[in-house]
Amino acid sequence: MRRLRAMVGLAMLAALALGALPAHAAEGGIHWLDYAGAKAAQKKQAKPMLVYFHLPYCYRCKEMKNKVFSQAAVIGKLNAGFIAAKVDVDQNPATVKLYGSDYTPSYVFLDPGGKQVYRAKGVMGVERFLGMLDYVESRAYERQSLDQFLKGR
């Protein structure tokens, strides 16, 4: 009986703790669009775009999904300040060719007018990814490199 009470108590604490998380930021995850949908959305909104090239079976892409794209801060920043396009490399060879994407995962950023302004590839941590988003959103790429920007933060 004691063990049952303890388990019920722990379950209630866990539920309370989960309820205290900022669910609104992570609700529904990142609002990924396909490339065509993202281009159409960018014409209506003056936001930069992230074009994320991935493969469903890529272990590095899965690592980004689990460790970075699942974080409330990343979800909130992308959903609020960017148009996010998710491009499956196998299914979209024309888009891959258009941007010369040769690696997964890779990230191509377009300014609100659709001009490519920054690109990166590979797995990175949450802080660097958030820094990269700030770098693009603030248009710091016009003045300095990403590493210079991150050092000055």
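The values are calculated or read from the model by the stated rules, or taken from the named source; none is laboratory data. Because the structure is a prediction, the values reported are computed rather than measured. Glycine gets a Cβ as well: all are built from the backbone with ideal geometry, and neighbour counts include every protein chain shown.
Selection of the range 62-95 for residues being part of a helix (DSSP H, G or I) and of a type in the set (A, V, I, L, M, F, W, C) yields Met64, Ala72, Ala73, Val74, Ile75, Leu78, Ala80, Ala94.
For residues in the range 101-133 being part of a helix (DSSP H, G or I) and touching a residue at least 40 places away in the same chain (Cβ under 8 Å), which is nearest to Gln45 (Cα to Cα)? The residue in question is Leu133.
Scanning the range 48-60 turns up no residue that is at pLDDT below 95, under 24 Å from Leu146 (Cα atoms) and outside any helix (DSSP H, G or I). Taken over the range 34-55, the residue count meeting the criterion of being more than 16 Å from Thr95 (Cβ to Cβ), surrounded by fewer than 16 Cβ atoms within 10 Å (Cβ to Cβ) and of a type outside the set (A, V, I, L, M, F, W, C) is 3.
Just to verify a result, which residue in the range 81-121, among those that are surrounded by fewer than 21 Cβ atoms within 10 Å (Cβ to Cβ) and of a type in the set (Ser, Thr, Tyr), is nearest to His54 (Cα to Cα)? Among them, the one singled out is Tyr103.
Taking the range 134-153 on its own, how many of its residues are farther than 24 Å from Gln45 by Cα and assigned to a loop (DSSP other than H, G, I, E, B)?
The qualifying residues number 5.
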